[in-house]
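The next block holds one structure in the form of C-alpha coordinates; read it before the comments.
The values are calculated or read from the model by the stated rules, or taken from the named source; none is laboratory data. Quick caveat, the model's predicted, so the values are computed rather than measured. Note: ideal-geometry Cβ built from the backbone for every residue, glycine included; neighbour counts use all protein chains shown. These area figures cover heavy atoms from the full protein model, side chains too; ligands, DNA and RNA do not enter into them. Shrake-Rupley method; radii C 1.70, N 1.55, O 1.52, S 1.80 Å.
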Amino acid sequence: MRNFARRAATLALAATALAAPLSGTAQAAPATLYAPSALVLTVGHGETAAQATPERAVTLNCAPKPSGTHPDAASACAELRRVDGDFAALEENESGILCTREYDPVVVTVDGVWQGERVSYERVFANECVKNSSGTSVFAF
(Lines give C-alpha, C1' and ligand atoms only; values in the text may rest on other atoms or scores of the structure.)
Protein backbone atom coordinates (compact mmCIF):
# COMPACT_ATOMS: atom_id res chain seq x y z
CA MET A 1 0.00 0.00 0.00
CA ARG A 2 2.87 2.30 0.82
CA ASN A 3 4.35 1.73 -2.67
CA PHE A 4 1.03 2.66 -4.24
CA ALA A 5 0.93 5.99 -2.37
CA ARG A 6 4.51 6.77 -3.44
CA ARG A 7 3.69 6.01 -7.11
CA ALA A 8 0.55 8.12 -6.97
CA ALA A 9 2.48 11.05 -5.47
CA THR A 10 5.21 10.67 -8.12
CA LEU A 11 2.63 10.63 -10.92
CA ALA A 12 0.88 13.69 -9.48
CA LEU A 13 4.19 15.60 -9.29
CA ALA A 14 5.11 14.55 -12.83
CA ALA A 15 1.73 15.65 -14.15
CA THR A 16 2.08 19.00 -12.39
CA ALA A 17 5.59 19.46 -13.78
CA LEU A 18 4.42 18.66 -17.29
CA ALA A 19 1.32 20.85 -17.06
CA ALA A 20 3.11 23.90 -15.64
CA PRO A 21 4.80 24.89 -18.92
CA LEU A 22 1.53 24.38 -20.76
CA SER A 23 -0.36 26.71 -18.49
CA GLY A 24 2.33 29.37 -18.93
CA THR A 25 2.12 29.00 -22.70
CA ALA A 26 -1.66 29.32 -22.65
CA GLN A 27 -1.41 32.59 -20.73
CA ALA A 28 1.19 33.91 -23.17
CA ALA A 29 -1.02 33.18 -26.20
CA PRO A 30 -2.07 36.18 -28.28
CA ALA A 31 -5.35 37.81 -27.33
CA THR A 32 -6.65 37.54 -30.91
CA LEU A 33 -7.69 34.08 -31.99
CA TYR A 34 -8.67 33.16 -35.52
CA ALA A 35 -11.06 30.62 -36.94
CA PRO A 36 -9.27 27.99 -39.03
CA SER A 37 -9.43 28.19 -42.81
CA ALA A 38 -7.83 25.15 -44.43
CA LEU A 39 -8.98 23.78 -47.77
CA VAL A 40 -8.08 21.00 -50.20
CA LEU A 41 -8.84 21.79 -53.84
CA THR A 42 -8.80 19.11 -56.55
CA VAL A 43 -9.31 19.13 -60.30
CA GLY A 44 -10.05 16.25 -62.66
CA HIS A 45 -11.79 15.47 -65.94
CA GLY A 46 -15.41 14.37 -65.68
CA GLU A 47 -18.93 15.65 -65.19
CA THR A 48 -19.06 15.00 -61.45
CA ALA A 49 -16.50 14.57 -58.70
CA ALA A 50 -17.75 11.00 -58.21
CA GLN A 51 -16.89 10.15 -61.83
CA ALA A 52 -13.62 12.10 -62.09
CA THR A 53 -10.23 10.94 -60.94
CA PRO A 54 -8.39 13.85 -59.30
CA GLU A 55 -5.45 14.87 -61.48
CA ARG A 56 -4.12 17.67 -59.29
CA ALA A 57 -4.69 18.68 -55.71
CA VAL A 58 -3.49 21.67 -53.69
CA THR A 59 -3.89 22.86 -50.13
CA LEU A 60 -4.90 26.39 -49.21
CA ASN A 61 -4.62 27.74 -45.66
CA CYS A 62 -5.87 31.29 -45.14
CA ALA A 63 -5.50 31.77 -41.39
CA PRO A 64 -3.46 33.02 -39.68
CA LYS A 65 -1.69 33.83 -42.96
CA PRO A 66 -1.94 32.53 -46.55
CA SER A 67 0.02 29.32 -47.11
CA GLY A 68 -0.21 25.86 -48.59
CA THR A 69 0.70 24.32 -51.93
CA HIS A 70 -1.62 26.58 -53.93
CA PRO A 71 0.53 28.51 -56.44
CA ASP A 72 -0.94 31.90 -55.43
CA ALA A 73 -2.23 31.41 -51.89
CA ALA A 74 -2.22 35.13 -51.02
CA SER A 75 -4.46 36.13 -53.97
CA ALA A 76 -6.75 33.11 -53.52
CA CYS A 77 -7.26 33.88 -49.82
CA ALA A 78 -7.88 37.56 -50.57
CA GLU A 79 -10.54 36.63 -53.15
CA LEU A 80 -12.24 34.24 -50.74
CA ARG A 81 -12.27 36.89 -48.01
CA ARG A 82 -13.88 39.39 -50.42
CA VAL A 83 -16.78 36.98 -51.09
CA ASP A 84 -16.97 35.72 -47.49
CA GLY A 85 -15.97 32.20 -48.55
CA ASP A 86 -18.88 31.91 -51.01
CA PHE A 87 -17.32 29.91 -53.86
CA ALA A 88 -20.37 30.43 -56.06
CA ALA A 89 -19.74 34.19 -55.98
CA LEU A 90 -16.34 33.57 -57.56
CA GLU A 91 -18.11 32.36 -60.71
CA GLU A 92 -19.20 35.89 -61.59
CA ASN A 93 -15.67 37.07 -62.41
CA GLU A 94 -14.83 37.10 -66.10
CA SER A 95 -11.38 37.62 -67.61
CA GLY A 96 -12.38 38.25 -71.24
CA ILE A 97 -10.39 35.25 -72.54
CA LEU A 98 -12.09 33.45 -75.42
CA CYS A 99 -12.22 29.64 -75.29
CA THR A 100 -13.25 26.99 -77.78
CA ARG A 101 -16.68 25.46 -77.41
CA GLU A 102 -15.33 21.92 -77.10
CA TYR A 103 -16.91 19.95 -74.28
CA ASP A 104 -14.27 18.19 -72.18
CA PRO A 105 -15.67 18.69 -68.66
CA VAL A 106 -13.34 19.57 -65.81
CA VAL A 107 -14.59 19.33 -62.23
CA VAL A 108 -13.11 21.31 -59.35
CA THR A 109 -13.83 20.31 -55.76
CA VAL A 110 -13.17 22.15 -52.52
CA ASP A 111 -13.35 20.44 -49.13
CA GLY A 112 -12.26 21.68 -45.75
CA VAL A 113 -12.96 24.46 -43.29
CA TRP A 114 -13.54 28.15 -44.01
CA GLN A 115 -13.47 30.42 -40.95
CA GLY A 116 -14.36 27.51 -38.69
CA GLU A 117 -17.26 26.24 -40.82
CA ARG A 118 -17.15 22.99 -42.83
CA VAL A 119 -17.34 23.59 -46.58
CA SER A 120 -17.76 21.35 -49.58
CA TYR A 121 -18.07 22.74 -53.11
CA GLU A 122 -18.08 21.26 -56.60
CA ARG A 123 -18.11 23.06 -59.92
CA VAL A 124 -17.96 21.70 -63.47
CA PHE A 125 -16.35 23.78 -66.22
CA ALA A 126 -16.92 22.99 -69.91
CA ASN A 127 -13.17 22.57 -70.44
CA GLU A 128 -9.78 23.49 -68.98
CA CYS A 129 -9.69 26.84 -70.82
CA VAL A 130 -13.02 27.89 -69.32
CA LYS A 131 -11.74 26.95 -65.83
CA ASN A 132 -8.55 28.92 -66.32
CA SER A 133 -10.38 31.95 -67.72
CA SER A 134 -12.87 32.13 -64.85
CA GLY A 135 -11.00 35.19 -63.63
CA THR A 136 -10.27 33.82 -60.16
CA SER A 137 -6.94 32.73 -58.77
CA VAL A 138 -8.71 30.29 -56.42
CA PHE A 139 -9.21 27.79 -59.27
CA ALA A 140 -5.89 28.55 -61.01
CA PHE A 141 -3.76 25.58 -60.04
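Taking 25 Å as R0, compute the FRET efficiency from the Cβ-Cβ separation of TYR34 and ALA89 and round it to 0.05.
Values: r = 22 Å, r/R0 = 0.87.
Plugging the Cβ-Cβ distance into 1/(1 + (r/R0)^6) gives 0.70.
Where does the charge balance sit around ASP104 when Lys and Arg score +1, Asp and Glu -1, over other residues with C-beta under 11 Å from its C-beta? Provide the component values of the computation, followed by the final result.
Numbers: positive: ARG101, LYS131; negative: GLU47, GLU102, GLU128.
Result for the neighbourhood of ASP104: -1.
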Tell me, what HN-Hα J-couplings in whole Hz come from the Karplus equation 6.51 cos²θ - 1.76 cosθ + 1.60 at θ = phi - 60° for each residue of the stretch 114-122, using x for Gly and Pro? 10, 6, x, 10, 5, 10, 8, 9, 9
Residue-wise HN-Hα coupling along the stretch 42-53, computed from phi with Karplus coefficients 6.51, -1.76, 1.60 (Hz; x: Gly, Pro): 10, 9, x, 8, x, 8, 9, 5, 5, 8, 8, 9
Enter the accessible area of PHE141 (Å², nearest 10), with the probe set to 1.4 Å and all protein chains included. 30
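If r is the Cβ-Cβ distance from CYS129 to LYS65 and R0 is 35 Å, what FRET efficiency results, to the nearest 0.05? Please list the in-between numbers first.
Details: r = 32 Å, r/R0 = 0.91.
That gives a FRET efficiency of 0.65.
Quick one: what do you get for the stretch 81-130 if you divide its Cα Rg by 2.2 N^0.38 Å?
Numbers: Rg = 13.1 Å, N = 50, 2.2 N^0.38 = 9.7 Å.
Scaled against compact globular proteins, the figure is 1.35.
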For ALA57 paired with VAL119, estimate the spin-label separation in nm (one decimal), with each label point 7 Å from Cα along the Cα-to-Cβ line. 1.8
With every protein chain left in place and a probe of 1.4 Å, what is the accessible surface of THR109, to the nearest 10 Å²? 20
